[in-house]
Amino acid sequence: MPLPHGRGSISAEGSSAHGPPVLEAAARLRILVNLSRQLAEARTDLDLVFDTVCAHLVSVLGDGCAAFLLLDDNTSLEPVTIRHRDPARRLLLEQLNQARKLRVGEGFTGSVMASGKSLFLADVDAAILDATTLPEYKPYLDQVGVRSMLVVPLAGRSRVHGAFWLTRDPGSPPYTPADRELVEAIADCTAMALDSARIQLEHGDDRRRLAEAASRTARLQQVTAALSSAATPEEVSSVVAHLAVGAMEGVAGSLVLPNESRTELHIRSYIGHTHVPHVVKAFQVLPVTANNPVAISYRERKPFFFSDLISYGAQFPELLASASEAGYEAAAALPLLARGEVLGVLWVRFATPRPFEEEERALMSTMVAQCAQALERSRLYTRAQKAVAQRDEFLSVAAHELRTPLAAMKLQIQSLQRNLSRPPEAEDNKPQLIAKADAVARQVKRLEALVTDLLDLSRLTAGKLALRLEEVDLHELAREVCERMAEEATRAQSPLTIYAESRVRGHWDRARLDQVLSNLLSNALKYGAGGPIDVTLTADSTWVFLSVRDRGIGIPPEDQARIFERFERAVPGRNYSGFGVGLWICKQIIDALGGRIRVESQQGQGSTFEVTLPTKREP
Ligand code: ADP
């Protein structure tokens, strides 16, 4: 370790030819006053404190002087200044001290540090010198030797800061008790200066910490403010990537969110990476199971911090190349957690290695928690907006749906009234009247079904589905429903066929299963394009399988999941009448019975709705 060189505020090192001066009391006092002033001016510059003092000591007491400072480990000593009247001897002392670091308890200086008491050897005894001097310092004994020695601790208020080591070479007079007193007084002054330097440094540290805390709060507030005015998930994602990453002092970052089936993670927004677009592209879609910090953070719902490329490369060797190509040195994967659910992961890159101290980690986790809440809020907001739009759409569809049979009924009844007001023309008028009355009855049935759906919609939305369980023969029920719909099937020109195993019985709610079958069959007739419709029933010991197959318009793959949701329809415009609630009601009923409902379909080829029901409902 290179030793600091003197800044030479006072230099008397060249006066060795005349030997150390004999000091009068007044001169001693002057030295102390002078030194105190200089120490006060030195403030926090510890090197300067030591240099000033050692320069004084060599100049007034000679011959050599070194100042040692206790390091923060409280065991090793660092020589901060070494002086000697003779430059060659100073060099030798510097070299020997470079070769070895003194420890508390070792040699003369180390034992003074340990005891906190001065060591005064006016006439150094050769045997003691030989026994106590550490082997590394022996060359000084051989080449120069020691006539007299003084080692004085720098005892501060709460610790021994270090020690002054003074030596007189053979040929010089020994140190006197008055010299010792002077050095001790100087050491006390120096220790006081060191005390206050430490206090100032600690205050400086406190100030730095306060400033950092204020900056952290300001950054957090900036992000929170931006998040609070972001309404949609897209706006939130953009704030997260563009503001939160910067507020964390990241140079690049990406917000990664799962797809609907939670099998993949997709980059939704990012910042930086402009010089490596191919890296962004390579990580655009990531399987949730990948051995990648982002995927692991998502799976384990935990943050991961990589302080430098070495720790990153040790854990993910295959990812090291792209990280170093992008020029990033540290990274953090931060999961966005809201109400115990992981919504995604924010991946932040830093330009330089980072220790990620506790305060920084805390800031990052608060920031991602805010981001997660904002994302959750925006999703709820978007969902609520969609629900309002759906309800409005539903009201207009419902009004239209109820009007159509009413309008038809009105016409039929007007015509009936006209017929009835004419004089009876005997029997030949009767078939016409019957046909009209039948048409009215059909419209009433349709209205009844619509009103039932509406009632179910409000009941099921409120979560009120009471099941009345009884022994039901599904084959018999299917036959009944098909018979009831025979007329509608004939009009649609779709033959209805039931394929059934003999025993398809179970413990179910008969009326609700009737509703499911009616819904599936009326959909098959509505969307079946006049093709044949098959109802198939099979069973094993615990499950019954029911399928309704048509050969109609089919359903695009991207719509197959959502048609089971409330108000969701997958038909263009108003070509087909309907509320978009029938399948949702079916699903609520099947779920309540402990079963499953799904669809298999190909556009233009037809659809098969499959229902699986447990024969006995689990309690
Ligand atoms: P509705 O038929 O009143 O619109 P549903 O909830 O019964 O409401 O069905 C939702 C949507 O699912 C329908 O709008 C339609 O797009 C689609 N769908 C249902 N059954 C079939 C089917 N058999 N073939 C093609 N599409 C269907």
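The values are calculated or read from the model by the stated rules, or taken from the named source; none is laboratory data. The model shown is predicted, which means the values in this text are computed figures rather than measured ones. Every residue, glycine among them, receives a Cβ derived from its backbone with ideal geometry; neighbour counts consider all protein chains shown.
For THR536, the criteria (1) more than 12 Å from the ligand (Cβ to nearest atom); (2) closer than 23 Å to LEU467 by Cα; (3) modelled with pLDDT of 95 or more hold in every case but one, which is (2). When you scan the range 164-180, do you find a residue that is crowded, with 19+ Cβ neighbours inside 10 Å, in a helix (DSSP H, G or I), at pLDDT 90 or above and touching a Leu at 6+ places or on another chain (Cβ under 8 Å), even just one? Yes, some residue in the range 164-180 is crowded, with 19+ Cβ neighbours inside 10 Å, in a helix (DSSP H, G or I), at pLDDT 90 or above and touching a Leu at 6+ places or on another chain (Cβ under 8 Å).
Which of the residues that make up the range 85-139 are among the acidic types (Asp, Glu), touching a residue at least 24 places away in the same chain (Cβ under 8 Å) and within 16 Å of PRO170 (Cα to Cα)? Break it down stepwise before answering.
Quick first cut of the range 85-139, residues among the acidic types (Asp, Glu) only: 86, 94, 106, 123, 125, 130, 136.
Now restrict to residues that are touching a residue at least 24 places away in the same chain (Cβ under 8 Å): 86, 94, 106, 123, 136.
Of everything in the range 85-139, those that are among the acidic types (Asp, Glu), touching a residue at least 24 places away in the same chain (Cβ under 8 Å) and within 16 Å of PRO170 (Cα to Cα) turn out to be ASP86, ASP123.
Within the range 252-308, being assigned to a strand (DSSP E or B), touching a Pro at 6+ places or on another chain (Cβ under 8 Å) and more than 16 Å from LEU375 (Cβ to Cβ) holds for GLU264, PHE304, PHE306. Residue count for the range 309-330 under the criterion of being assigned to a loop (DSSP other than H, G, I, E, B), out of contact with any Lys or Arg (no Cβ under 8 Å at 6 or more places or on another chain) and surrounded by 14 or more Cβ atoms within 10 Å (Cβ to Cβ): the result is 1. Applying the criterion of being surrounded by fewer than 21 Cβ atoms within 10 Å (Cβ to Cβ) and assigned to a helix (DSSP H, G or I) to the residues of the range 493-514, the residue that is farthest from the ligand (Cβ to nearest atom) is ARG510.
For (1) in contact with a Leu (Cβ under 7 Å, 6 or more places away or on another chain); (2) of a type outside the set (Lys, Arg), each residue gets a yes or a no:
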site	(1), (2)
ASP206	no, yes
VAL236	yes, yes
ASN259	no, yes
ARG262	no, no
ILE271	no, yes
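Among the residues of the range 331-340, are any over 17 Å from the mean Cα position of the chain (by Cα) and charged (D, E, K, R)? If you could, list the steps in order and put the result at the bottom.
Step one: filter the range 331-340 for residues over 17 Å from the mean Cα position of the chain (by Cα), giving none.
Within the range 331-340, not a single residue is over 17 Å from the mean Cα position of the chain (by Cα) and charged (D, E, K, R).
Listed conditions (1) within 24 Å of PRO177 (Cα to Cα); (2) within 57 Å of the chain's Cα centre (by Cα); (3) surrounded by 13 or more Cβ atoms within 10 Å (Cβ to Cβ) are all met by LEU48, apart from (1).
Restricting the range 186-216 to residues that are surrounded by 12 or more Cβ atoms within 10 Å (Cβ to Cβ) and either within 22 Å of ARG377 (Cβ to Cβ) or of a type in the set (D, E, K, R) (or both) leaves a set whose member that is modelled with the highest pLDDT is ASP188.
The set of residues in the range 559-614 being of a type in the set (Val, Ile, Thr), closer than 22 Å to THR452 by Cα and within 9 Å of the ligand (Cβ to nearest atom) consists of ILE563, VAL581, ILE585. Remark: pairs (first residue in the range 437-465, closer than 11 Å to LEU406 by Cα; second residue of a type in the set (Gly, Ala, Ser) and assigned to a helix (DSSP H, G or I); Cβ separation under 7 Å; 6+ apart in sequence or on different chains) = GLN443/ALA408.
Of the residues VAL49, VAL53, VAL33, VAL80, which single one is modelled with pLDDT under 85 and in contact with a Phe, Trp or Tyr (Cβ under 8 Å, 6 or more places away or on another chain)? Step through it out loud before you land on a result.
Values: VAL49 fails: in contact with a Phe, Trp or Tyr (Cβ under 8 Å, 6 or more places away or on another chain); VAL33 fails: in contact with a Phe, Trp or Tyr (Cβ under 8 Å, 6 or more places away or on another chain); VAL80 fails: modelled with pLDDT under 85.
One residue alone meets the criteria, VAL53.
Please find, within the range 352-378, the residue that is nearest to VAL342 (Cα to Cα) out of those that are of a type in the set (D, E, K, R) and surrounded by 17 or more Cβ atoms within 10 Å (Cβ to Cβ). Even if it seems obvious, please write down each step before you answer.
Going residue by residue through the range 352-378, those that are of a type in the set (D, E, K, R) are 354, 357-361, 376-377.
Filter again for surrounded by 17 or more Cβ atoms within 10 Å (Cβ to Cβ), leaving 354, 360, 376-377.
Values: ARG354: 26, GLU360: 21, GLU376: 10, ARG377: 14 Å.
Looking at residues that are of a type in the set (D, E, K, R) and surrounded by 17 or more Cβ atoms within 10 Å (Cβ to Cβ), I get GLU376.
Remark: pairs (first residue in the range 572-600, within 23 Å of GLY506 (Cα to Cα) and touching a residue at least 12 places away in the same chain (Cβ under 8 Å); second residue of a type outside the set (A, V, I, L, M) and assigned to a strand (DSSP E or B); Cβ separation under 6 Å; 6+ apart in sequence or on different chains) = LEU593/TRP508; GLY594/PRO614; GLY595/THR612; ARG596/THR612; ARG598/GLU610; VAL599/SER607; VAL599/PHE609. Might you let me know whether the range 140-150 holds any residue that is surrounded by 13 or more Cβ atoms within 10 Å (Cβ to Cβ), over 22 Å from VAL53 (Cα atoms) and in contact (Cβ under 8 Å) with a residue 40 or more places away in the chain? Checking the range 140-150: at least one residue is surrounded by 13 or more Cβ atoms within 10 Å (Cβ to Cβ), over 22 Å from VAL53 (Cα atoms) and in contact (Cβ under 8 Å) with a residue 40 or more places away in the chain.
For (1) more than 13 Å from the ligand (Cβ to nearest atom); (2) within 15 Å of GLN602 (Cα to Cα); (3) surrounded by fewer than 20 Cβ atoms within 10 Å (Cβ to Cβ), each residue gets a yes or a no:
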site	(1), (2), (3)
VAL516	no, no, no
ASN523	no, no, no
GLY528	no, yes, no
ASP540	yes, no, yes
TRP543	yes, no, yes
LEU546	yes, no, no
GLY552	no, yes, no
